[in-house]
1. Assuming R0 = 25 Å, what is the FRET efficiency of F68 and L38, from their Cβ-Cβ distance, to the nearest 0.05?
2. Leaving out ligands and nucleic acids, and using a 1.4 Å probe, what accessible area per residue does the stretch 14-86 come to in Å²?
3. Using alpha carbons only, how many degrees (0 to 90, rounded to 10) separate the axis of helix 6-15 from the longest principal axis of the chain?
4. Can you tell me what percent of all Cα-Cα pairs in the stretch 14-61 are more than 16 Å apart?
5. Could you give the angle, 0 to 90 degrees to the nearest 10, between helix 30-44's Cα long axis and the longest principal axis of the Cα atoms of the chain?
6. Calculate log10 I(q)/I(0) of the chain for q = 0.14, 0.19, 0.20, 0.21 Å⁻¹, where I(q) comes from the Debye formula with a single equal point scatterer on each Cα and nothing for solvent.
7. What does the extension gain come out to for Y28 and N15, with contour length at 0.36 nm per residue minus their alpha carbon separation?
8. Starting with the highest mean, order 60-72, 11-23 by the number of other Cβ atoms within 10 Å, averaged over the residues of each peptide.
Amino acid sequence: PYHYTREDFYRWLGNYKLKYAPGTKSVYSNVGYGFLGLILATVANTSYEELVIRELCDPLGMNDTRTFDTFSDSQKERLCDFYGPT
């Protein structure tokens, strides 16, 4: 459901104030996993979506496992959309 650009993320990250000193506490972070995906895609010189498809979905035969932006029309027709109509 998130639609922001890489620049939006970097701008937000540059202004973020840590809640804990680094190394003092471990917490789950969606932002951390998003940042990891951004780093992996940057190193692979591709988009995160294409990286997941190329490295995970295609080799495992997961032909209908995609991000919304890469769905075919027939996949969109079969989508169970938890966020309402697009």
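1. Efficiency at R0 = 25 Å is approximately 0.90.
2. It amounts to 83 Å² per residue over the stretch 14-86.
3. The answer is roughly 20 degrees.
4. Within the stretch 14-61, distances greater than 16 Å cover 56 percent of Cα pairs.
5. Approximately 70 degrees, to the nearest ten.
6. -0.69, -1.06, -1.11, -1.16
7. Difference between extended and current length: 2.7 nm.
8. Taking the mean over residues of other Cβ atoms within 10 Å, the ranking is 60-72, 11-23.
The values are calculated or read from the model by the stated rules, or taken from the named source; none is laboratory data. No experiment lies behind these values; they were computed from the predicted model shown. Note that we place each Cβ from the backbone using ideal geometry, even for glycine, and neighbour counts take in every protein chain shown. Quick note on the areas: whole protein, heavy atoms, side chains included, nothing else; ligands and nucleic acids left out. Shrake-Rupley method; radii C 1.70, N 1.55, O 1.52, S 1.80 Å.
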